[in-house]
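Notes to accompany the following structure.
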Amino acid sequence: MINMRRTLYLIVVQLFLSVLVTSSATLSQTGNPNSSGISFTVSMSKPWTHLLEVEMSIKVAAGLNALNETDLVMPVWTPGSYLIREFERHVQDFAADANGRALDWTKINKNIWRVKTNGVRAWHVVYRVYANELSVRTSELNSDHAFWNNAALLMYPEGQIGASSILRIVPASGWKIATGLPPVVGEKNTFRAENFDILYDSPVEVSNFKEFDFQVRGVPHRIVIDGEGNYDPVRLRNEVQKIVAAEVSMFGEIPYHDYTFILHLRSNTGGGLEHLNSTALGFRRFGFLNDEGYRRFDSLVAHEFFHLWNVKRIRPDALGPFDYTKENYTRSLWVAEGITEYYANVITRRAGLTSDTAYLEHFAQQIQDLQEMPGRHEISAEEASFDAWIKLYRPDENSVNSQISYYDKGELLGMLLDLQIRTRTNNVKSLDDVMRSLYTEFYQKGRNYTPEDFQRVCELIAGANLEQFFSRYVRGRDELTLIYNQVFIGAGLRLQQAGIEIGMGSSGSVVPQKAFLGADVEQTADRLMITHVRAGTPAYEQGLNANDQIVALDGMRITKETFAQRIAEKKPGDVIHVTVFRFDDLRTFDIRLGMHIDAPYRIVPMPNASEEQQRIYRGWLGIS
Ligand SMILES: [Zn+2]
């Protein structure tokens with residue numbers, strides 16, 4: 001087996017020789033002092049074992065000193081997904097040799113292999129990587145397909161992140177390849193990466209996928225779909241094309257040669273990960289049942305596609321060049337993710353893929369969800385961004401009380417900024433101008449932006465000092481309910497609950513009330529479990545815990561449905577008796593129910609909105 005792969009390797013090296021020479025020449029033109037010829041071959045001879053086989057060859061470029069030892073580093077995370085995933089834990093069967101002579105090696109820490117290269121100018125390593133976790137940021141190989149992120153598979157030589165490399169893929173029989181990497185002309189199944197950031201930014205799908213193509217402004221886009229589903233291919237392609245066209249027209253140019261959407265359809269999957277000229281998406285295979293299903297899909301596509309500008313090119317301070325060996329901290333994920341989510345939804349509205357009423361309902365729900373998170377008092381949008389690695393990506397039963405999502409609050413902050421800028425400039429400028437300015441003034445000038453830069457650009461476009469807004473609502477933890485209606489009035493809108501304006505005090509009208517407990521429950525088989533207890537609620541203050549198993553309410557058996565119904569029949573101030581198993585002990589708690597306003601948040605148009613207010617509303621939502 002190993003010998004057969006070595007033979008293959010020798011053929012591969014011969015095939016690559018001309019490519020490597022070309023590649024080195026290109027590098028020396030760009031003046032990279034560390035350039036070497038690096039190539040990878042990824043094979044999958046037994047897909048059902050979930051083992052991807054990697055051969056890496058390194059050739060020291062002429063004029064450079066051959067080292068006595070070289071460290072090969074496996075990334076511990078992949079950009080866009082802010083969690084240390086320890087990809088190195090899936091590496092096995094590592095070996096190194098030069099011309100068939102084994103080289104000694106040792107691990108010097110969890111993710112670095114030190115190879116005693118003893119001054120040789122050409123050497124290579126082989127290893128295998130176990131890949132059995134399908135998500136947009138991990139890898140999976142099985143008898144149906146292969147999908148991987150190169151950061152989870154390929155090592156880089158220490159100090160050579162800037163080096164170019166060649167990736168050759170040997171697919172299983174009958175499978176084809178999709179990746180955003182450019183192919184090497186004349187070399188089958190072979191791709192080129194100008195540096196390791198590009199290599200790690202380019203996921204690969206190898207399978208018998210379906211493909212749907214379209215062009216925007218003459219630039220080719222393809223949707224690659226692995227897995228069956230109930231989508232209409234024509235509708236899916238048309239809607240993706242509309243999203244691409246809308247976002248391209250906002251930024252005014254296309255900064256890539258081609259774009260690949262890799263979509264996995266499974267019974268229970270979701271999410272996306274952004275890249276420079278591709279994205280990996282997961283979606284429920286039967287999720288295209290109705291318009292709402294397509295709206296969710298469109299929003300996912302619009303989010304990941306928007307990232308090709310916001311975060312992949314318009315980059316916050318710490319996000320590129322990346323350190324692949326540890327956490328990369330930034331306070332601006334609320335911009336990178338939250339404002340991207342804002343555009344994901346507002347662009348689908350502007351592209352005509354959802355109605356303005358549905359859009360306002362979505363926003364009202366987002367507002368309500370944030371108001372039900374006690375964690376909003378504990379952490380600001382900037383703090384949540386900074387702690388993504390230990391909070392958003394590592395949720396537990398206390399998360400509702402200790403954190404907020406910088407996606408959700410960031411989306412609301414994006415909307416508040418957009419409407420403020422439109423109101424202050426009579427709809428001449430908008431958050432679109434902020435994004436375009438960041439693109440031209442930072443990305444195109446080779447700079448990343450800081451939190452201070454972002455505020456300054458917003459102020460420049462708005463023509464106003466926004467220090468109060470940023471200090472209270474972005475860096476601070478002030479309630480957004482204090483400001484919604486001050487901002488909404490610019491677009492002739494009001495935020496209300498039960499007809500009462502939010503943040504404006506009581507209007508004296510009678511508020512419909514309902515009894516309120518404050519524990520979230522989930523039914524698992526015949527067990528009704530408490531999943532979260534929200535801080536400050538009757539459940540929290542009077543003793544219930546997450547992971548309590550509720551066995552009875554007022555002495556009677558209940559399910560998730562009957563539990564909610566029985567609470568709804570109560571009045572605020574009523575006492576209920578909740579019997580739970582806590583660990584192994586049966587206990588009963590007497591809990592006095594609290595009060596909730598019995599109505600959802602709604603964003604409603606003002607009856608007598610002025611022409612100016614209506615113009616801002618129409619401009620905001622793209623209504624002609
Ligand atoms: Zn995102």
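The values are calculated or read from the model by the stated rules, or taken from the named source; none is laboratory data. The shown structure was predicted, so the numbers you read here are calculated from the model rather than taken from an experiment. Neighbour counts are summed over all protein chains in view; Cβ atoms, including those assigned to glycine, are modelled from backbone coordinates with ideal geometry.
Tabulated data for the structure shown
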quantity	calculated
Within region 397-428, tally of residues that are free of Cβ contacts under 8 Å to residues at least 12 places away in the same chain and touching a helix residue (DSSP H, G or I) at 6+ places or on another chain (Cβ under 8 Å)	0
Which numbered condition Asp298 misses (of (1) within 27 Å of Ile339 (Cα to Cα); (2) more than 16 Å from the ligand (Cβ to nearest atom))	(2)
Residue tally, condition of a type in the set (S, T, N, Q) and over 16 Å from Arg534 (Cα atoms), over region 383-405	1
The listed residue being at pLDDT 95 or above, among the hydroxyl-bearing types (Ser, Thr, Tyr) and buried (at least 20 other Cβ atoms within 10 Å of the Cβ), out of Ser405, Ser437, Ser399	Ser405
Total residues in region 329-349, condition in contact (Cβ under 8 Å) with a residue 60 or more places away in the chain and closer than 18 Å to Ile390 by Cβ	6
Unique residue being within 16 Å of the ligand (Cβ to nearest atom) and at pLDDT below 95 when the list is Gly272, Gly320	Gly320
Of all residues making up region 169-199, the number that are in a loop (DSSP other than H, G, I, E, B), touching a Pro at 6+ places or on another chain (Cβ under 7 Å) and in contact (Cβ under 8 Å) with a residue 40 or more places away in the chain	1
Out of Ile558, Ile591, Ile576, Ile603, sole residue that is of a type in the set (A, V, I, L, M, F, W, C) and not in a strand (DSSP E or B)	Ile558
Filter pass, Thr330 being within 15 Å of the ligand (Cβ to nearest atom), touching a Ser or Thr at 6+ places or on another chain (Cβ under 7 Å) and β-branched (Val, Ile, Thr)	yes
Tally of residues being more than 16 Å from the ligand (Cβ to nearest atom) and either polar (S, T, N, Q) or assigned to a helix (DSSP H, G or I) (or both) across region 242-253	8
Among the candidates Phe363, Phe306, residue that is out of contact with any Pro (no Cβ under 9 Å at 6 or more places or on another chain) and within 13 Å of the ligand (Cβ to nearest atom)	Phe306
Enumeration of residues in region 106-136 that are without any contact (Cβ under 8 Å) to a residue 12 or more places away in the chain and more than 30 Å from His307 (Cβ to Cβ)	Thr106, Lys107, Asn109
Exclusive hit being within 15 Å of the ligand (Cβ to nearest atom), of a type in the set (D, E, K, R) and either modelled with pLDDT of 95 or more or out of contact with any Cys (no Cβ under 7 Å at 6 or more places or on another chain) (or both), set Glu383, Glu378, Glu341	Glu341
Criterion (farther than 25 Å from Val311 by Cβ and at pLDDT below 95) met by exactly one of Gly463, Gly499	Gly499
Entirely in region 396-510, the helices (runs of 4 or more DSSP H) that have 2 or more residues that are over 19 Å from Ile367 (Cβ atoms) and β-branched (Val, Ile, Thr)	451-462
Flag if Trp334 is of a type outside the set (Lys, Arg), crowded, with 19+ Cβ neighbours inside 10 Å and within 30 Å of Glu158 (Cα to Cα)	no
Residues within region 275-295 that are of a type outside the set (A, V, I, L, M, F, W, C) and within 12 Å of the ligand (Cβ to nearest atom), tallied	2
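So that you can scan it fast, the table gives a plain yes or no per residue for (1) surrounded by fewer than 21 Cβ atoms within 10 Å (Cβ to Cβ); (2) under 18 Å from the mean Cα position of the chain (by Cα); (3) among the hydrophobic types (A, V, I, L, M, F, W, C):
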site	(1), (2), (3)
Phe251	yes, no, yes
Pro255	yes, no, no
Thr260	no, yes, no
Arg266	yes, no, no
Gly270	yes, yes, no
Asn277	no, yes, no
Asn290	yes, no, no
Gly293	yes, no, no
